[in-house]
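Note sheet for the following structure.
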Amino acid sequence: MSRRLLLLLSLTCAVGVGTLYFPQAITPLVADGLGEPTDAAALVVTATQIGYTVGIFLLVPLGDRLPNRSLLVTLLGLTGIALLAAGCAPVLPALVALSAVIGVTTVAAQIISPMAAGLVPADRRGSVVGTLMSGSIGGMLLARTFGGTLGEWLGWRAPYLAAGTVVLLLAAVLARVLPAGAAPPASHRPYPALLAEPLRLLRTEPELRRSGFYQATVFAGFSAAWTCLPLLLTGPAYGLGAQAVGLLALVGAATMVCTPLAGRLADRRGPDPVNLVCLVGTLASAGVLAAGGWGGAAGMTALVVGTLVLDVAMQSGMVANKTRVYALDPDARGRLNTAYMSCAYLGGSAGSWLGLRAHDRAGWPGVCTLVAVLAALALARHLLPPRRDRTSAGRAAGPGTAAGATAPADATPTRPT
């Protein structure tokens, strides 16, 4: 794994994740351009997100079954073609259908992450995962700006056409640059068996369940906070417009620097210390965010600091969790990633729903209490792990933990019987 290849893969992650988020910025432009209500045009975003969830379940496990280079190039090619077709869609139903296709195929980042983990030694795995996460975060943050600016300038079709062209160029470059033998197929199981494998792994791998629980709870708190922040900022406490939410989201750019650092720390000390810091940080962010309900300059400062800590904790914790998960079984990293990301997205969806319910009943303080409770649950699980989990911790936790003391970070994992 050369530095140039790692940067190229990070750029691919950024572009892949960006295709999920830039439609959010041009929904009003789509509505005006196609003569549809804004609520109807919002189906474009919904279809993309649903398609992405389906893609994680149906396509990411193929990373263990098919040559990764051909799979990645094919998916990028299909995404690029679908983006170009979406940019030419004559009516909203066609755009919604193509958006679902884009969501299904734009799982490049979830293919790249386990593939890259298999191309480096165990003591570099966390650093590589952190760098790829940095690219994904950059794509998520910049996509809305890219889509909104280009859309205002050239119309809603321009972001789709530009994104499709960039994705196809990346597919062509990766077809030439990515080694032909990169991450060869690790499994020859039939496709239906691959789809069932993530559930079996969740049942048999305690460390996968633990990592999934951490991410589900923290991502639930993250989603609850960000779902309800617009209600706070546009409410009587601040009276700001929707643009303020976008500006506040830019605070998360700091995570682009923090995730590689978290990855290197996970390589040196193991993922458990990183998880501990991140869970404590998430709990602390809830208290800081609660002060944001005061309004005024002091409240806004609390919101900036609180969202920054929450973003860094969530994303850095994901780096630690993926480092642990990828160490469990080198031959099943795609299926492990499917199981882990499914836990994360289920937690995020539940967090959004719970956050709105908490806001309806107790306002912003109720949302912050929910974030604190979720973080406390994960922290309690981290500090008091069941004895049965300690046996597998030596395979995944790496050096710097009690279990890791008996198993080096690059030890070959053994499958449970």
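Here are the numbers:
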quantity	calculated
Flag if Leu247 is modelled with pLDDT under 90, more than 21 Å from Gln215 (Cβ to Cβ) and assigned to a loop (DSSP other than H, G, I, E, B)	no
Residues that are under 21 Å from Tyr340 (Cβ atoms), buried (at least 20 other Cβ atoms within 10 Å of the Cβ) and at pLDDT 80 or above, drawn from region 174-200	Glu197, Pro198
When residues of region 95-129 are limited to those that are closer than 15 Å to Asn337 by Cα and small (Gly, Ala, Ser), the one farthest from the chain's Cα centre (by Cα)	Gly118
Gly63 vs. criteria crowded, with 17+ Cβ neighbours inside 10 Å, assigned by TED's automatic domain parsing to the domain that holds Leu174, modelled with pLDDT of 85 or more and not in a loop (DSSP other than H, G, I, E, B)	no
Which numbered condition Thr227 misses (of (1) closer than 30 Å to Leu62 by Cβ; (2) within 17 Å of the chain's Cα centre (by Cα); (3) not hydrophobic (A, V, I, L, M, F, W, C))	(1)
Unique residue being more than 17 Å from the chain's Cα centre (by Cα) and modelled with pLDDT under 75 when the list is Ala362, Ala396	Ala396
In region 325-342, the residues that are in a helix (DSSP H, G or I), surrounded by fewer than 24 Cβ atoms within 10 Å (Cβ to Cβ) and over 15 Å from the mean Cα position of the chain (by Cα)	Pro330, Asp331
Qualifying residue in region 135-143 (condition: closer than 25 Å to Pro37 by Cβ and in contact with a Phe, Trp or Tyr (Cβ under 7 Å, 6 or more places away or on another chain))	yes
Test result for Gly135, buried (at least 24 other Cβ atoms within 10 Å of the Cβ) and touching a residue at least 24 places away in the same chain (Cβ under 8 Å)	yes
Sole exception among (1) within 30 Å of Arg69 (Cα to Cα); (2) of a type outside the set (S, T, N, Q); (3) at pLDDT 90 or above; (4) touching a Gly at 6+ places or on another chain (Cβ under 7 Å) for Gly212, by number	(4)
Among the candidates Thr12, Thr27, Thr53, Thr19, residue that is under 17 Å from the mean Cα position of the chain (by Cα) and within 21 Å of Gly151 (Cβ to Cβ)	Thr19
Looking only at region 20-73, and only at residues there that are in contact (Cβ under 8 Å) with a residue 60 or more places away in the chain and polar (S, T, N, Q), the one that is farthest from Tyr345 (Cα to Cα)	Asn68
Residues of region 151-173 satisfying the condition of being at pLDDT below 90 and surrounded by fewer than 21 Cβ atoms within 10 Å (Cβ to Cβ)	Glu152, Trp153, Leu154, Gly155
Sole residue being crowded, with 17+ Cβ neighbours inside 10 Å and closer than 30 Å to Val177 by Cα, chosen from Leu9, Leu58	Leu9
Condition broken by Pro90, with the remaining ones in (1) in contact (Cβ under 8 Å) with a residue 40 or more places away in the chain; (2) over 20 Å from Leu11 (Cα atoms); (3) of a type outside the set (Asp, Glu) satisfied	(1)
Candidates Val280, Val304, Val312 - the one that is closer than 19 Å to Thr217 by Cα, hydrophobic (A, V, I, L, M, F, W, C) and in contact with a Gly (Cβ under 9 Å, 6 or more places away or on another chain)	Val312
Count of region 288-299 residues which are surrounded by fewer than 23 Cβ atoms within 10 Å (Cβ to Cβ), touching a residue at least 40 places away in the same chain (Cβ under 8 Å) and in contact with a Gly (Cβ under 7 Å, 6 or more places away or on another chain)	2
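For (1) aromatic (Phe, Trp, Tyr); (2) touching a helix residue (DSSP H, G or I) at 6+ places or on another chain (Cβ under 6 Å); (3) modelled with pLDDT under 90; (4) buried (at least 19 other Cβ atoms within 10 Å of the Cβ), each residue gets a yes or a no:
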residue	(1), (2), (3), (4)
Leu76	no, yes, no, yes
Ala86	no, yes, no, yes
Ala89	no, yes, no, yes
Pro93	no, no, no, no
Ala100	no, yes, no, yes
Thr105	no, yes, no, yes
Ala109	no, yes, yes, yes
Ser113	no, yes, yes, yes
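The values are calculated or read from the model by the stated rules, or taken from the named source; none is laboratory data. Note that the structure is predicted; figures quoted are calculated from it, not measured. All Cβ positions, glycine included, derive from the backbone under ideal geometry; neighbour counts span all protein chains shown.
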